Structure formats: structure tokens, C-alpha cells
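The values are calculated or read from the model by the stated rules, or taken from the named source; none is laboratory data. Everything quoted here is computed from the prediction, not taken from an experiment. Positions of Cβ are generated from backbone atoms using ideal geometry, with glycine treated the same way; all protein chains shown enter the neighbour counts. Ligands, DNA and RNA are stripped out before the accessible areas are found, and what is left, the full protein with its side chains, is counted by its heavy atoms. Shrake-Rupley method; radii C 1.70, N 1.55, O 1.52, S 1.80 Å.
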Amino acid sequence: MTASRRSVSAPLDGVRVVDATTASGELAGRVLADLGAEVVKVEPPGGAESRRRGPFVRGHEGDREASLFWAALGRGKRSVVLDVLTPEGAAGLRPLLAEADVFLESFPPGRLADVGLDPAAVASEFPSLVHASITPFGQTGPLADAPASDLTIEAASGLLGLQGPGDRPPVPIGYPQASFHASAQAAADVCCALYERRRSGRGQHLDVSAQAAMLWTTLNANGYPLYAGEDPPGTGEARTLERPEILPGVKLPLRLPCADGHMLMSLPVPVIGERTLHVVLREAEAHGRLPSDLAGRDWSAFIGDYVGGRLDAGLLQRGLDAAVDYLATRTKREVQALAVAERILLAPVFELADLVDDPQLTARAYWKEVGGHRHPGPFARLSRTPIRVSPAAPRLGADDGAPPSWRSAPRFSRNRDRSDRADDAGIFAGLKVADFSWAATGPLMAKALGDHGATVVRVESASKLDTARSAPPFHEGERHIDRAFMFANYNTSKLGLTLDLTTDRGAEVARQLVDWADVYIESFTPGTVDRFGLDWESVSASRSDLVMVSTSMRGQTGPERRYAGFGSQGAALTGFESLTGWADREPSQVYGAYSDFIATRYGLATLASALMCRDETGEGQWIDLAQAEAAIHFLEPLMLDLTVNGCRAERDGAGAFHACPNVVVPCAGVERYVALSVETSEQWHALLGIAPLDAFAGAKYDALDGRRADRAAIEAALAKWSSGFEPFELAERLRRGGVPAHAVLRPLDLLDDPQIAHRGHFVSVEHAVMGRVRQDGPATRYSRTSPRLRRAAPALGEHTEAVLRDLLGLSEDEIADLAIAGALS
């Protein structure tokens, strides 16, 4: 739709946002501000909750203008003081909402009903408004009103129980993440809803569940109950046991020491993982650190050789041990240089301090000075409407007015219904997408477009399978490329086409597909698409309206652009891994491909915004989505604490700036736990009324700092008390009393979780090979145009002939010629 034309300087230039969120939704407004929206932060007289959250500028603890959390999340916003939970404040809010495009809030469900601003009332009074509610569990269901924290939501999602050493309680990611995921998801959904609103003139309500958003970060874990009827190996009741060996009789190293810290080595991944061992042992040999009888061997197919009996366990174990010994002599930077040069699966476990002078980030001019502080740069790079460097967070009430006014010209006309298209068609109905990506980030972005109604063609090759097709679990335990849960889960609502791009005819068809498409997504190693004539310069030469997304770990430019890695490497490179675990232990693994899920949410928000710009200007653009650069945003307050205060964040179990106790305690049963948090004095007094904590009942403990001073003793008392309780019963008792708490769920528990069931999270689809299977559904409910799984993921090449014939217009003879030429494999 390109009837109108206007100049657009930023993806969301002219979009007006009213942000009334608490700290649990604050990031959503920041994302929209970075994309160019005018965001008015509506704060109560004492200031937003985010202003009271640490870390603070040293020497100014408690100063609402010195919170580094607010400095990070408040950037790009204006500040207006209105207590919207009072009738007077709500009356003052209405003129803003009347001229706004978006309303963000994260109040407990029903709280705004007291002032006539519940979702139904907002929709009736402001029918063109996109209203997003960000809550722990969604607007309805048995836990809708339950108190919650980032820690308890991580427990409720199943992620928490998958992390940490087996001899201690599970450990969360080292900085609270659930609110960030829910907020980034909300921002992406808002951008999608704005795209639809431009066509229909109608707004809608978005019900964002933080629990569901976090569930999507568990990678393949919840597939084990769905496809194999069990928890993932080494988790649940088996958590304290030694993890099953991937290759029987051989211990494959994962996290290992290097000369100045730790690193990851991902060997089990087919082809690239095997080549990793070969390269490391070749380097060890070159440096004289390989036993002579191991020298000169080809280790590049060690998994296949071992399984096929061509390599015995003793010899392979000695090779693995030699690799570990050699890497222990290399520094983190040397490990990274080797990984970049050889494109192998090594990743140093960087601390935040390592990122400050990281050569790749420096080369891409990533860090930005804002308000005297050094902040992360853009989470994505757009060729025509770049993400702006948002100004510093405002002082409280800096933009008070009577009445408050908007600075920007409106982006859209309002209160006009311009379309009679059925809502069920989907937001992106009619959009054509060529998906050349693999693994997680790119496929999930394309899946979102498909679930919203776009026609998405997923391009694969039988000669170089998507890693997700080889990852367990497999349906009914049968290892097969068309039975892998992860691929099936990440590729719903797509058509499947196989092409061999290394053949001339295959590359020709690929170019035809890109020419057919409105959106082209690829995740090849930067520079690879140039060989096929599918680079931006080539494909955009005759297609000024094409939107192309290139997603990679480190970006399309810079000395480390060709680094090869997945989200597990991303978690190591961006500081998450170094922060997760216990101070007296080595870092704990962040479960799964963690950085992929952050990048997906930022990427979808950016892509939907770029499509909106395309509709208005007729021009597409190229999006460079560096997953590592997006992920760092989820640690921005800690980066500020480092660069402003010189404080190096350390592993601290479940410790948090804003809560104490914030702890995972044992319960009755095998490996059963409850996560609980106390963020306010009211919650602390509620806990005192439930748990035997008389020794900590003095006035000192009403304050967060007082409780933190005796944190170890409080946590020990809670652990002793909790161990006699059944976890679900204890969590319910705590919640009824007003204390955020949740049992630490296992993937098997999610199948029977009442809140997940109420949301209808798991959705059944009919797969060509597996038959009827269940997959994850969306994290957000839209009131009018909810995404839905429109078809199961394709079997390999399932729709090749149909795509070539029906979408690209090839004849039967042309298709036969392509097959004979080997282009369709």
C-alpha cells in the first residue's frame, strides 16, 4: 500500500506514545523512543518506580535523578507528572490519549478500571489507540492478580529450573530479565499493531504475558514433554545426577578455563562443532602442545568417526583433553581471534569490562555518550531511517504543561475506519517473505510475520541442513529431520522450498524468489550472500521497495563480522554467562540460545517499523541486526554501573539490586524449589506474617539495605523453613499473603500449569510427517488480530513444486529442468 508519500526520518517518526508503565514495562517505551516515537512518560508525583531502582550514581543512592536504571530505561522520553490512578490524574491523561497512537501500561489487571481506563473503556473512548498491557501473567486467569517479580516469573516460565550446578538450588540469569523480555515483546507487538492500524484506522488491546514471553527463551526444553513425554536430560529429578553423555564413554567439554577466564566450546553441533576440534588440535600441534601420536590426524568428522567405530573412545578422549589443555594457555582475546579467523564454535566468556574496549564494538562505533554517560548504541542499523541516539532520561516533570502538548506532527489520521478486511486475515496478509535464515532469530522473525498472515517461503538445502532440524527432542523419539521440535516450533506458518544455492540454477531461482518478495531475511555469515548475487546492493538495484534483514552475531561490518556462533555463544560474548551463577564458582550456563530471543524481539519491532515506512514512502531498506549488540541492551543498567561508578558486576546467585530476600529455596520432594522475592516493606511484613523470621522483625529490616546487610541469615532461615513444604502449596500460601512467589516449574509442569492452560499457550497443528502435534503459541493476545499458527512447519522441501509453480510462475518443464540440474536439493 503506497498511495501516500511522506518524508520519514526515523522508523516511528510522528508516532505518539503515552507511557504509564511501572519498572516492569519501562523498556517498551524506550524501544519505541529509540525507533523515533515521541514518548511522554506519565509519572506519579513521587516519580516513576524506575527512578527508585538501583544501581545509583555513587554517593547519590536513593536520589530519583541519579538512578542508573532510570538513566537507561528513561532515555528518549518526556516527563509529565500525573497520578493516573486518581480521578483527577485520569482526567488529565485523557487529552493525551485522545491525540496518542499508543498507550503503554503495566498496572495489575483491573487497577485502571477504578478510574474508567480499563481496556474495554479505553477501546470505547479511544477506538484508534493501540493499548498494550504488560503484566506478569496476562489480564485473566488464575494468576492474573498474583504478586510477581522477575525471579518468580523466570521460575514460572521453566527457565530458572534449567540453570545452575546440581548441588545448589537453580540459579536465575545474573540480572533480572523477565520484565525486559515482556517489554521488548510489547514494543514489537505495538509496531505490528501500528502497521495494521495504518490500514484500518482501528486500534486494539495487546495483552502481554511476561510468563509466556519468558517461556519462549527455553529453546527446546518444553519440547521434551510435548514430543518425548519427559523433562530434558539432566533436569528435573535428574538435576543432581551427572548429565548423560552425548557420546557414550566420552566427556565432551563445554565450559573450560582459558588463561584469563573462561570460554565455551560447542563440539556436539554437526559439521561446525566437529571442525572446531580439528582446528583447535591443529593449532595445538603448531604450537608444539600436542602429543606426537595425536598429530597429523583429521578430527573434522570425529562424531561420525566415533559413532562409526573408526575412532575409539580412548583416543578421542585424549584428543579432547589435549584441546582443553591447549586452550587453557590462550587468553580470551586469543580465543576470540581464533574463532573469528577459523569460523569455529569457540566463545570467550566476556565480563562487562571486556565489552568496553571490544574491538568489534569499537569498529562499529557502538558506544554512545548520552548525558555524560556511556550507553549501548543502536540495537539494529537501518540504511534509510537509522535508529536515533535517544537523549538522556528527563528530570521529573521536565515537560509538565497545562495541558501537556505534543511536539511532533501526528503520523496518522485518527478515528477513521478505512478497511473492511476481516481481522482474521492477519496484520501482514498479502505481504510476501523470502526466508533464507536458519536456527532461531531469523526464523522466529519470519514466523511472526507468517503467524500474522504473511506468505512466507522458507528456503533450505538438503546438503546443509538447518541446525534446528538436528537438535533433540524428536517426535516419539525417532531421530529424523522432519521430527525435530525446535525446527517445527520456530517455522510455523511457512511454505518449504529446497534450493542448492551453490548451483547456478539454484542461485537464479533464489534471486527470483527475492524479486517476488517484499521482505528478504537472511542469516548467512556476512559476505556469503555476495557469492550468490543476493547481497543488498544487488537485490535492491531494481527493487527500491525491498526490505532486507541480515541477522548475524556481530553485524555486517567490522573485523569480527564473520564470527560464527549461535545464541549460546552470544550469551558468553555479551556478559550474561559471566554474571550467572555463584561468586565462589565458575560461571553457570545460561540455558539455550539466549541472545537469539532478545534479538528476535528487537528485530521484529525494527522490521515492522521499516514496513510501515515502506508503505508511507515507497522505499525499503536494509536492516543489519547484530544479535550481540541487541542483547547488550538487556544489561544496560549494569554497563552504566561499570562505566559511571567503576563497579564490576559479579555473580551473586539470585541477588538483585531492588529485592531482598530474592531467593530460591528448597521444598519437599526431589529437586523441588520455590522462588520468592520481597521488593517493598509491605511485602516484607507480609512475609513476616507467614515465615518464622522473628529474629528479623526490627525496624532495621523494613528498609531494603537493612535486609541486604543480613541477607545470608535471612535466606538460611527461609531455606530451613521451606524445606518441609510442598512447593505448589507453599507458593500459593505466599502469594495469598501478598509475597511474590512461584514454584520453580519443570518443562513437564508447564503442560498442566493452570495459567498457561488458561492462556491456551500450547496449540495443536497437523504436520505432514508427525501428524497432530503441539507447539508454542504467541506471548501476546491481540483483541482483534491475534497471530495464530496458520500451518505446521514444513517438512524438508514439502512445498517446493507448489512454490515454484504457484508463486514464481514456473512451468512443469522448467521445474523438471531445475530438478535435473540439481538445483532443488
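In this structure Arg343 has an accessible area near 70 Å², from a 1.4 Å probe over the protein heavy atoms. For the chain, the relative contact order comes to 19 percent (Cα pairs under 8 Å, sequence separation of at least 6).
Pairs of Lys residues in the chain, spaced 8 or more positions apart or belonging to different chains, with C-alpha separations under 15 angstrom: 4 in total. Helices in the chain, meaning DSSP H runs of at least 4 residues, each add -39500 (n - 2.57). Divided by all residues, the mean residue ellipticity at 222 nm is -9500 deg cm²/dmol. Of all DSSP-defined beta bridges confined to the chain, some 40% are antiparallel rather than parallel.
Taking other residues whose beta carbon is less than 12 angstrom from the beta carbon of Gly296, and scoring Lys, Arg as +1 and Asp, Glu as -1, yields -1.
Taking 0.36 nm per residue of separation and subtracting the Cα-Cα distance, full extension of the segment from Glu99 to Ala695 would add 209.2 nm. Centroid-to-centroid, using Cα positions, the stretch 336-364 and the stretch 477-493 are 32 Å apart.
Using a probe of 1.4 angstrom and keeping all protein chains present, the accessible surface of the stretch 493-626 works out to 25 square angstrom per residue.
Between the stretch 54-77 and the stretch 720-743, the alpha-carbon centres lie 33 Å apart. In the context of the full protein assembly, Leu159 retains an accessible surface of approximately 0 Å², using a probe radius of 1.4 Å and ignoring ligands and nucleic acids. Per residue, the stretch 192-350 exposes 37 Å² of accessible surface when a 1.4 Å probe is rolled over the protein heavy atoms with every protein chain present.
Can you pull out the trypsin sites (Lys or Arg not before Pro) in the stretch 23-107 whose DSSP state is coil and whose Cβ has at most 15 other Cβ atoms within 10 Å? Passing both the DSSP loop test and the Cβ count: Arg58.
Tally up the carbon and sulfur contribution to the accessible surface of the chain as a whole percent, 1.4 Å probe, everything protein left in place. Percent of accessible area from carbon and sulfur atoms in the chain: 50. Using the Cβ of Pro257 as centre and a radius below 14 Å, the other residues enclosed give a net charge of -2, where K and R count +1 and D and E count -1. Quick one: net charge around Leu730, please, counting Lys, Arg +1 and Asp, Glu -1 for every other residue with C-beta under 13 Å from its C-beta. Taking every other residue near Leu730 into account, the sum is +1.
Heavy-atom accessible surface of the stretch 75-179, averaged per residue, reaches 27 Å², computed with a 1.4 Å probe.
Among the listed values [x] 1.17; [y] 1.01; [z] 0.95, the one computed from these coordinates for Rg/Rh (Cα atoms, Kirkwood Rh) is [z]. Think of each Lys and Arg Cβ as +1 and each Asp and Glu Cβ as -1; about the Cα centre, that makes the dipole of the stretch 631-764 roughly 80 debye. Using 13 Å as the cut-off for backbone N distance, which residues of the stretch 98-133 belong to the label zone defined by a point 7 Å from the Cα of Arg784 along Cα→Cβ? From the stretch 98-133, the list is 123-131. Sequence-ordered 3J(HN,Hα) estimates for the stretch 560-570 from the Karplus curve with 6.51, -1.76 and 1.60 and θ = phi - 60° stand at 10, 5, 8, 4, 9, x, 10, x, 5, 5, x Hz, glycine and proline given as x.
Computed with every protein chain present, the accessible area of Arg197 is close to 0 Å² [probe 1.4 Å].
Applied to the stretch 794-800, the Karplus parametrisation 6.51 cos²θ - 1.76 cosθ + 1.60 on θ = phi - 60° returns per-residue 3J(HN,Hα) values of x, 5, 4, x, 4, 10, 3 Hz, with x for Gly and Pro. Can you give the longest stretch of the chain with no exposed loop site, where a site means GluC sites (Glu not before Pro) in a DSSP loop (not H, G, I, E or B) with at most 11 other C-beta atoms within 10 Å? So the longest stretch without any such site is 479-825.
Each part reduced to its alpha carbon centroid, the stretch 248-318 and the stretch 122-149 end up 51 Å apart.
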